[in-house]
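All remarks here apply to the structure that follows.
The values are calculated or read from the model by the stated rules, or taken from the named source; none is laboratory data. Quick caveat: nothing in here was measured; it's all calculated off a predicted structure. All Cβ positions, glycine included, derive from the backbone under ideal geometry; neighbour counts span all protein chains shown.
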Amino acid sequence: MSAPILTVEGLVKSYGGRRAVDGLSLTVGPKEIFGLLGPNGAGKSTTLAMLSTLLVPDAGRIELDGVDLVREPGRVRPWLGYVPQELALYPALSARDNLSFFGRIYGLGGRKLAERVDAVLDVVGLRDRARELVRTFSGGMMRRLNLAAGLVHSPKVLFLDEPTVGVDPQSRNFIFEHVLRLRNEGLTILYTSHYMEEVQRLCDRVAIIDEGRMLALDTPQALVGRLGEGLLVLGLPDGGLEGLSPCASRLDAVGKVTVRDGRLYLEANNVNRALVELLDLCNVRQIGLTSLQVLPPSLESVFLRLTGKRLRD
């Protein structure tokens, strides 16, 4: 990867006694779609708010294209586009008037503003609805206009915070297609989601976070590849973990073994063989299972193994 356009080191943000972001570090390259994957409350939106200068971090460093974002927020703001999870539109204005308003905030005017408004209306497929009031739009159309508002000033980096929440499948696919198109045209994109399939489809690399901490960072393919053929999740009675865990980690068909919240998580090199070996081991040691799940390799399974939770918990 070429030199990063965005560098984050040791980022911290607390609310009261709770750390929403806890020592987060990452780099994002130019023309990369970088995903932040985690459940609601994982710290994704707080992270984006700090990266977009809306929140000041308690600790850590953020550098955008060589400029310290915390020390010089006014210098970097014109380079940033931010599309929040909540719609940031004026329902009583037309689509064109909304975009003109946001463009003026960034110092655009005259012919340049009109050209950029027309351009982003074309990008999101709303040119023919430009003069209609936003309150008459469907939820999917509002989401697309929300995206246009983040693009009107031609940013270097675009932050997308859960951009497909509550939209219909057609609008969702439209957003996917245009996110990829924007990346191909040179834009760097940070994309937060708790939808595994979105991140797997769109992102070049993904950071899995929970409770404000980084749990893993790699390409989606590499993260999924760590699971081998799949993930086995075993529920065991009291005392069963101590009896089974050390032996399970030595089985030929089993890779990494993780113990969490009374369950055993096993990465299987060969699912069928691992199941046979585990059941034989349980019989020999007279350990009864309270539950057994066999999960295919996926980002959902990766997250479950790392946190003991589903992505949408």
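A few notes on this one:
- Qualifying residue in segment 192-203 (condition: buried (at least 23 other Cβ atoms within 10 Å of the Cβ), of a type in the set (A, V, I, L, M) and modelled with pLDDT of 90 or more): no
- Scanning segment 135-159 for residues that are of a type in the set (A, V, I, L, M) and under 22 Å from Leu108 (Cα atoms), we see that the one that is nearest to the chain's Cα centre (by Cα) is Leu158.
- Evaluation of Arg77 against (1) buried (at least 16 other Cβ atoms within 10 Å of the Cβ); (2) touching a strand residue (DSSP E or B) at 6+ places or on another chain (Cβ under 8 Å); (3) assigned to a helix (DSSP H, G or I) (one fails), failing number: (2)
- Residue list for segment 88-100, filter: surrounded by fewer than 16 Cβ atoms within 10 Å (Cβ to Cβ) and of a type in the set (A, V, I, L, M, F, W, C): Ala88, Ala92, Leu93
- For the residues Leu275, Leu304, the requirement of being of a type in the set (A, V, I, L, M, F, W, C) and modelled with pLDDT under 85 singles out Leu304.
- Neighbours by Cβ (under 9 Å, 6+ apart or cross-chain): first from segment 140-163, among the aromatic types (Phe, Trp, Tyr); second in a loop (DSSP other than H, G, I, E, B): Phe159/Ser52; Phe159/Pro84
- Residue ranges of strands (runs of 3 or more DSSP E) in segment 3-69 with at least 3 members assigned by TED's automatic domain parsing to the domain that holds Phe159 and more than 18 Å from Val157 (Cβ to Cβ): 6-15, 18-28
- Pairs are defined by a Cβ separation below 9 Å, a sequence spacing of at least 6 or placement on different chains, a first member in segment 236-249 that is aromatic (Phe, Trp, Tyr), and a second member that is surrounded by fewer than 19 Cβ atoms within 10 Å (Cβ to Cβ); no pair meets this definition.
- Flag if Ser301 is surrounded by 16 or more Cβ atoms within 10 Å (Cβ to Cβ), small (Gly, Ala, Ser) and under 24 Å from the mean Cα position of the chain (by Cα): yes
- Residues of segment 21-52 classified as modelled with pLDDT of 90 or more and out of contact with any strand residue (DSSP E or B) (no Cβ under 7 Å at 6 or more places or on another chain), total: 2
- From Val233, Val271, Val199, Val259, residue being touching a strand residue (DSSP E or B) at 6+ places or on another chain (Cβ under 8 Å), touching a residue at least 60 places away in the same chain (Cβ under 8 Å) and not assigned by TED's automatic domain parsing to the domain that holds Phe176: Val233
- Any hit, segment 291-299, residues being under 20 Å from Ala222 (Cβ atoms), part of a helix (DSSP H, G or I) and touching a residue at least 60 places away in the same chain (Cβ under 8 Å): yes
- Leu275 meets the conditions (1) of a type outside the set (Gly, Ala, Ser); (2) over 32 Å from the mean Cα position of the chain (by Cα); (3) under 15 Å from Thr307 (Cα atoms) in every case but one. The failed one is (3).
- Residue ranges of helices (runs of 4 or more DSSP H) in segment 89-205 with at least 3 members closer than 26 Å to Arg75 by Cα: 95-105, 110-123, 139-151, 169-184
Residues are listed down the side, and each one gets a yes or a no for (1) part of a strand (DSSP E or B); (2) of a type in the set (Val, Ile, Thr); (3) more than 26 Å from Asp22 (Cα to Cα):
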residue	(1), (2), (3)
Ile208	yes, yes, no
Leu232	yes, no, yes
Ser245	no, no, yes
Leu281	no, no, yes
